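Shown next, in structure tokens, is the structure this report addresses.
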Amino acid sequence: MSDKLSVAEALAKAEQIEVMLGAIEGTAPDAVAAMGGRDALARRSEMTCLGPVPRLDADEWERMSLEYEARREHGSVNRGH
């Protein structure tokens, strides 16, 4: 049974989803595009306490990880420096 959310709670949850999907897309935009874009990523995600986490196979996770590392290595990802 699902609990009903207040409007404020629903908006907060929507913001949490938006931020998490944006973070994933920001670190591996090519991999997200290959999946069919942000909407496809959202459909393949499962809600956790952290927000949506994509259900991906090992090859997809590896592609995303390699893209992130390549972008980080070339300075495309802000590491707080």
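Read-outs throughout are calculated quantities, based only on the coordinates presented, and are distinct from any laboratory measurement. Because the structure is a prediction, the values reported are computed rather than measured. Ideal geometry is used to build each Cβ from the backbone, glycine not excepted, and the neighbour counts take in all protein chains shown.
Tabulated values for the structure
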{"item": "Charge context of L5, other residues only, Cβ under 14 angstrom, K/R +1, D/E -1", "result": "-1"}
{"item": "Computed over the chain: relative contact order in percent, which uses C-alpha pairs under 8 Å that are six or more apart", "result": "26"}
{"item": "Answer label, with Rg and Dmax of the Cα atoms in Å calculated from the coordinates and candidates [x] 19.9, 58; [y] 15.4, 49; [z] 14.5, 47", "result": "[z]"}
